[in-house]
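Data block below; observations after.
The values are calculated or read from the model by the stated rules, or taken from the named source; none is laboratory data. Everything quoted here is computed from the prediction, not taken from an experiment. Cβ: placed from backbone, ideal geometry, glycine included. Neighbour counts: every protein chain shown. For accessibility, only protein heavy atoms count, side chains too; no ligands or nucleic acids. Shrake-Rupley method; radii C 1.70, N 1.55, O 1.52, S 1.80 Å.
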Amino acid sequence: MRERPLHFLALAFIALVLFQSVLGGTLFWRTIGFNPASILNHYHDKSIHGLLEVVAPHTLFITVALMATLHFLSFTPTVSEKIKRAAPYLLFTLLILDQGSVFMIASGFELFAYIKLASFILFEFSLGWVWILIFQKTLKELA
Amino acid sequence: MKFIASQKLSNNSSLRLVMLWMLIGLIAAMGLNLIAKSIDYGTSPQAWNSVILGNPDEFQEPMSFNDLLLTIHTDLFSLVLIYILIASLYLRTSRSSTFKIVFLGISLAGLILYPLMLLTAQWIGPIAVSVAGGSFILFHAVMLLGGSELMIALLRRRL
């Protein structure tokens, strides 16, 4: 009973980050599109300043969201230590690839349009997988 | 967050001070957020309606869906962080579990209804814009009250 508000907060946090991801995904789909050609077309003539205006707040928010998510994961006893250690490496590497790719695209490295798309999709699936690991424990305790 | 929620802050003066200044910063940010929104959208439901849905009498165009998405996406960056930080600290208070869940639930409802109503306003109509504005104020009011209660509790070493 004492832990119920904490479980509520964990679920609220996951719902909010999921909602924010859906909003961001919709915005990306409507303004850029989920294919390498349109990503290349959108980013290849952007200025560094223009890219920084988007990348800086995203890096900050996603880092805080990952910190909170991974810290919930670290308190989940049913998850192995191996997964708890691997998850931060996986998620932060994908985040760096996703956010950093736009600078490479703007510098003329077209391959990074594919890397951006792949790292974004892998990042979303990996984050979803981490949430499922946290949810399993939380939902069992709520029941 | 569980780290903040599981530490006895009254026994740790440096962490207590950090939390106190964090609350001052968050309360100031919420005040500035309310002022900024009142400048951008106005202070009445009619003014919000004119900005979001447009006003033919004043030749004002409605906000495009992409601009609305961008505004909401940007707003949520800060609002989610404010919610998580204040809520995680609020778990430390001596309030009952039911009260804490009601507190978290009301503020979460405000935080979710604000963007949802804005996004659906062009189909639902002016009532959705009014609900969005009300939800935005509700969220800030509950968070400001919660933040102030936490500050008092920290100053009295009750957290």
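Determine, from the Cβ-Cβ distance of residue B:12 and residue A:129 and an R0 of 41 Å, the FRET efficiency 1/(1 + (r/R0)^6), rounded to the nearest 0.05. The value I calculate is 0.75.
Chain B and chain A together bury an accessible surface of about 2700 square angstrom, both sides counted, with a 1.4 Å probe and no ligands or nucleic acids included.
I need the trypsin sites (Lys or Arg not before Pro) found in segment B:91-159, filtered to DSSP loop residues with at most 10 other beta carbons within 10 Å of theirs. Write out the running numbers ahead of the final one.
Details: sites: B:92, B:95, B:100, B:156, B:157, B:158; in loops: B:92, B:95, B:156, B:157, B:158.
For trypsin sites (Lys or Arg not before Pro) across segment B:91-159 that sit outside H, G, I, E and B with at most 10 neighbouring Cβ atoms in 10 Å, the list reads B:156.
Distance from the Cα centroid of segment B:19-85 to that of segment A:49-93 is 27 Å (rounded to whole angstrom). As a fraction of the 1.4 Å probe accessible area of the protein assembly as shown, surface on carbon and sulfur atoms comes out at 68 percent. Normalised Debye scattering of the protein assembly as shown at q = 0.12 Å⁻¹ gives log10 I(q)/I(0) of -0.92, counting only Cα atoms as equal scatterers and leaving out solvent.
Taking each residue in B:74-81, count the Cβ atoms of any other chain within 10 Å of its Cβ, then average. What number comes out?
Mean inter-chain Cβ contacts per residue within 10 Å come to 5.
Taking all protein chains together and a 1.4 Å probe, the residues A:45, B:57 rank B:57, A:45 from largest to smallest accessible area.
Give me the percent relative contact order of segment A:3-142, please, defined on Cα pairs under 8 angstrom at least 6 residues apart. Write out the running numbers ahead of the final one.
Working: 92 pairs, mean separation 43.5, N = 140.
31 percent.
Using the Kirkwood radius over C-alpha pairs as Rh, can you work out the diffusion coefficient of chain A via Stokes-Einstein at 4 °C, viscosity 1.567 mPa s, in µm² per second?
Numbers: Rh = 16.4 Å.
After rounding, the answer is 79 µm²/s.
Kirkwood hydrodynamic radius of segment B:75-159, from the reciprocal of the average inverse Cα-Cα distance over all distinct pairs: 13.6 Å.
Might you tell me the accessible area per residue for segment A:3-142, computed with a 1.4 Å probe and given in Å²? Numbers along the way, then the final one.
Numbers: 7280 Å² over 140 residues.
Heavy-atom accessible area per residue stands at 52 Å².
Work out the P(r) tail for chain B: percent of alpha carbon pairs separated by more than 23 Å, whole number. Could you put the intermediate results ahead of the total?
On the way: 5398 of 12561 pairs.
It works out to 43 percent of all Cα pairs.
The heavy atoms of residue A:114 offer some 140 square angstrom of accessible surface to a 1.4 angstrom probe.
Computed from Cα positions, the angle between helix B:65-90 and the longest principal axis of chain B comes to roughly 20 degrees.
What does the extension gain come out to for residue A:92 and residue A:46, with contour length at 0.36 nm per residue minus their alpha carbon separation?
Numbers: separation 46, 0.36 × 46 = 16.56 nm, distance 2.46 nm.
So the extension gain works out to 14.1 nm.
How about segment B:44-73: which of its residues lose at least 40 Å² of accessible area in the presence of all protein chains relative to their chain isolated, using a 1.4 Å probe? Flagged in segment B:44-73: B:66, B:69, B:73. The base-10 log of I(q)/I(0) for segment B:26-103, evaluated at q = 0.27 Å⁻¹, reads -1.23 [Debye formula, identical scatterers on Cα atoms, solvent excluded].
The angle separating the long axis of helix B:126-155 from the principal Cα axis of greatest extent in chain B is about 20 degrees. To test your reading of the geometry: what angle, between 0 and 90 degrees and rounded to tens, separates the Cα axis of helix B:97-124 from the longest principal axis of chain B? Taking Cα atoms only, the helix is inclined about 20 degrees. Ranking B:123, A:29, A:129 by solvent-accessible area of protein heavy atoms (1.4 Å probe, all protein chains present), from largest to smallest, gives B:123, A:29, A:129.
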